[in-house]
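Sending over a structure as structure tokens; questions will come in a sec.
Taken together, the values in this text are just the output of simple stated rules run on the coordinates, not laboratory data. It should be emphasised that the depicted structure is a prediction, and the values quoted were computed from it without experimental measurement. Here the Cβ is made from the backbone with ideal geometry for all residues, glycine too, and neighbour counts use every protein chain on show.
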Amino acid sequence: MRGTQWRMWSAAALVGGMLTGVSTGALAQGAPDEEKAAAPDMHELASRFNATRVKKDYSYIHRPPGDKVVEQPDMDRLLFWTKGGQPDGYAQRRGDSVIYYDAGGQAVRVQRLAPGEGD
């Protein structure tokens, strides 16, 4: 007798829970709210991207004569290219020094900066 009552109450609780879940689910699937504006898509956001560009002063860095210089301000680095389009090395700021590298990536020169120079 006790087992039968237990099964009946369990079944009633299960059915009641299912009916309650269906009714709240049906309410949640109502008509979409017309007043809510659609969020902009990624293409719209990208067209309005207005980040400030990083500009740094690299006048303290020696430039090889005749080379084209490409700035990489986010990495504090200048790339040097020959007129023929071949890499000629780069200069990178590290703390209070500027380290010059050749095209193979070997350090060839270190320039110590005076306090306040290159800030």
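Beta carbons within 10 angstrom, averaged per residue: use that to sort the peptides 105-116, 60-71, 76-87, highest first. If you can, show how the numbers build up before the last one.
Values: 105-116: 10.2, 60-71: 12.8, 76-87: 14.3.
The most tightly packed comes first, giving 76-87, 60-71, 105-116.
Quick check: pseudo-label points 7 Å beyond the Cα along Cα→Cβ at Glu44 and Arg109, how many nm apart are they?
5.3 nm
Would you mind classifying the stretch 68-112 by shape? Square roots of the alpha carbon gyration tensor eigenvalues, ordered a ≥ b ≥ c; an a/c under 1.5 is rounded, otherwise it is prolate if a/b is larger than b/c and oblate if not.
Values: a/c = 2.62, a/b = 1.45, b/c = 1.81.
Here the stretch 68-112 falls in the oblate category.
Let me ask something else. Once label points are set 7 Å from the Cα along Cα→Cβ at both Lys56 and Arg7, what is their separation, rounded to one decimal in nm?
7.8 nm
Can you tell me the relative contact order of the stretch 68-112? Whole percent, Cα pairs under 8 Å, sequence separation 6 or more. Write out the running numbers ahead of the final one.
Values: 81 pairs, mean separation 10.7, N = 45.
This gives 24 percent for the stretch 68-112.
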